[in-house]
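Data block below; observations after.
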Amino acid sequence: MTIQPDDDRAANVLLVEDSDTQALRIRRMLQGHGFTVERVASGEAALDTLDTRIPDLVIADYHLPGMNGGQLARQLRMNAVTRTIPVLILTEGIEPGLEREGLESGADAYVPKSSDSALIVFRIRALLREYAGNVQARPGRVFRRARILVVTQRHDAVTTIGAEVPALIDLLQRDGHIVTICDDPAHFDRRTLLDPERAPDCVVVDLMPGKFDGVEFCRRLDELRQEVLMRGGVPLRILAISPPCPDEREFSARVFETGVDDLVPDDVAPSVLALRIRVLVRRKLLQDDVRRIEVERQNREIAIKSARAEAAAIASKASLAEALEQANRELADANRKLIETQGKLVQTAKMASLGELVAGIAHEINNPLAFILAHKDTVARGLDRVMGLENASTDAEREGRAAILRKCRDRVASMNLGLRRIQNLVLNLRKFSRLDEGLFQVIDVPEALETVLALLTQKLGNGIVVHRDYAAPERLYCQAALLNQVIMNIISNAADAILEAAGRDNPLTDTPAQGRIDIRTELRHDAERGAVDYVFTISDTGPGVAPEVQERIFEPFFTTKPVGAGTGLGLAIAYGVVQAHHGTLMVANRPEGGALFTISVPWHAQDSEDGQERQP
């Protein structure tokens with residue numbers, strides 16, 4: 001059966017497939033249904049084609065040489081021009097974990113190649129109905145790959161960072177990044193950092209002692225960043241790799257004082273290091289998009305002002321009302337485009353937050369896993385010794401055998417605690433990921449809050465104590481985003497404020513509790529409105545919020561964090577979610593010090609009992 005196109009224009013499809021046989025089969029199928037098909041053999045080649053033509057749809061094989069289909073989708077979602085292009089991923093079969101990985105990377109659909117061709121075409125038609133025509137190509141370069149510079153002074157760059165640089169470079173290149181290695185910063189031209197067309201987005205500096213001072217080099221990089229910032233550009237990110245040293249705390253403080261954005265030990269796994277670099281690069285590219293969009297907005301405002309001036313001149317000869325109406329239409333169109341762009345940036349900010357959350361969870365799992373593996377070896381050696389004493393004849397031998405068995409039992413109990421810790425973390429993550437943020441439903445508030453706190457364990461550390469007072473009913477009819485987006489953002493910001501107030505020379509994670517966050521829920525009766533509100537209050541012992549900051553704290557892109565440390569979208573997103581509930585979100589300072597956030601949403605007892613999915 002043949003499906004006719006929905007409009008007169010044939011949809012342009014970019015097919016990314018390395019197999020000539022599969023590519024020919026898929027091309028014939030698509031062309032038989034009226035599509036125009038352009039085929040490339042790799043994800044890198046697909047990115048290069050975007051400078052000349054923007055497709056209506058991308059179809060990519062998941063298993064590609066170099067960058068896979070999921071990584072290609074992630075790159076498309078990180079660019080303001082290409083993030084709305086629908087992406088369909090094909091694979092030989094439904095392999096465990098691949099579908100989730102592909103969809104979490106930003107793909108819109110995941111279909112086996114063995115599916116009926118008519119069903120594949122129906123999926124394509126459905127995606128095109130929603131997205132086709134939304135992407136507008138602009139003159140000049142559309143897609144720029146992130147540039148990463150690795151600076152090392154070891155004798156052989158291939159053996160840098162625990163002999164695993166090839167694995168790191170392979171991971172970064174699979175993400176579509178351009179990676180360069182430099183072994184002598186003295187030969188590095190500072191003008192390169194000031195040139196937006198050549199400057200790296202992230203510099204990875206190996207601090208292993210050698211022929212140059214790596215810490216001083218980081219300081220010089222930061223000075224150049226400030227010059228870039230003064231020129232109106234977006235500065236690069238700096239990640240330093242710390243060698244083993246006797247006083248790790250003092251050394252880390254000295255490195256962070258130079259202006260680096262992140263510091264990792266040199267024995268870190270390549271996958272974790274690539275993830276840390278990916279987070280920094282994602283923030284840098286997001287700020288590039290924000291700056292470009294701001295420039296375009298300013299240009300539109302100038303054009304609108306010029307149009308208004310021209311309309312005023314024409315009004316003396318023609319109808320003033322007609323000229324003003326034209327100017328208003330242009331202004332409304334400019335505002336609509338700006339709102340659409342802002343929504344896309346909000347989604348990108350959510351993805352950036354998710355990347356940071358995953359990095360923290362990986363650290364939380366790694367700790368218990370490490371001592372489980374250590375105890376496993378102890379138990380194995382103990383059992384070998386017990387087997388050697390199986391025919392023990394003396395009391396001393398029998399007592400020694402019993403002591404070994406008791407030690408093994410204790411180690412197994414410790415291993416069990418570690419496994420339960422990992423199990424609880426995974427269960428909390430599953431609860432968090434299953435929440436459908438778009439629907440109103442009955443939420444178990446204490447359970448949801450505990451899930452959020454469990455996912456923030458790494459940030460809270462041992463130095464921040466959380467006090468809970470859940471006085472309100474356990475059930476609340478709301479969007480899940482009220483808890484997993486709004487509450488998480490506010491608690492995370494409170495932890496950042498406490499840590500910043502404590503200072504880097506005295507990290508809270510190494511000392512007894514020095515910070516506190518209070519979370520309270522309650523019902524408040526508003527006699528004037530004749531209604532009942534479900535109220536969350538979150539307070540902290542940080543430095544509080546300055547009055548001039550309170551006035552702008554919910555504005556998009558406004559942040560008090562250092563360059564590269566925040567996008568300024570977290571509280572703006574939270575404010576929008578609360579507005580969707582017809583509620584209020586307010587910030588104030590406690591008399592005894594610290595910030596106080598109050599979230600109030602309407603509460604109806606019958607809504608929290610029946611739990612039907614509907615809009616309020």
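Every number here is computed from the coordinates shown, using simple stated rules; none is lab data. Remember, it's a predicted structure, so these values are computed and weren't measured experimentally. Glycine gets a Cβ as well: all are built from the backbone with ideal geometry, and neighbour counts include every protein chain shown.
Whole-Hz Karplus values for segment 46-62 come out as 5, 5, 5, 6, 5, 6, 9, 7, 9, x, 7, 7, 10, 10, 10, 6, 5 Hz, taken residue by residue from phi with 6.51 cos²θ - 1.76 cosθ + 1.60 and θ = phi - 60°; glycine and proline positions read x. Here the extension length gained between Ala45 and Asn416 equals 128.7 nm, from 0.36 nm per residue of separation less the Cα-Cα distance. Taking θ as phi - 60° and the Karplus parameters 6.51, -1.76 and 1.60, the scalar couplings of segment 537-552 work out to 10, 10, 10, 9, 9, x, x, x, 10, 5, x, 5, 6, 4, 5, 10 Hz in sequence order, x denoting glycine and proline. Computed 3J(HN,Hα) for segment 527-535, one whole-Hz value per residue from the Karplus formula 6.51 cos²θ - 1.76 cosθ + 1.60 where θ = phi - 60°, is 5, 5, 8, x, 9, 10, 10, 8, 10, glycine and proline marked x.
Between Arg401 and Asn328, the distance separating the two model label sites (each 7 Å from Cα on the Cα→Cβ line) works out to 9.7 nm.
Database remark: amide H of Thr541 closer than 5 angstrom to the amide H of Arg516 (H placed geometrically; neighbours at sequence offset of 5 or more, or on other chains; Pro and chain starts carry no H). Packing around the peptides 85-91, 39-45, taken as the average count of other Cβ atoms within 10 Å per residue, puts them in this order, highest first: 85-91, 39-45.
Annotation: amide H-H contacts under 5 Å for Arg237 (H modelled 1.01 Å from N, sequence separation of 5 or more, or interchain): Cys202, Val203. Highest mean packing comes first when the peptides 576-583, 487-494 are listed by Cβ atoms within 10 Å, giving 487-494, 576-583.
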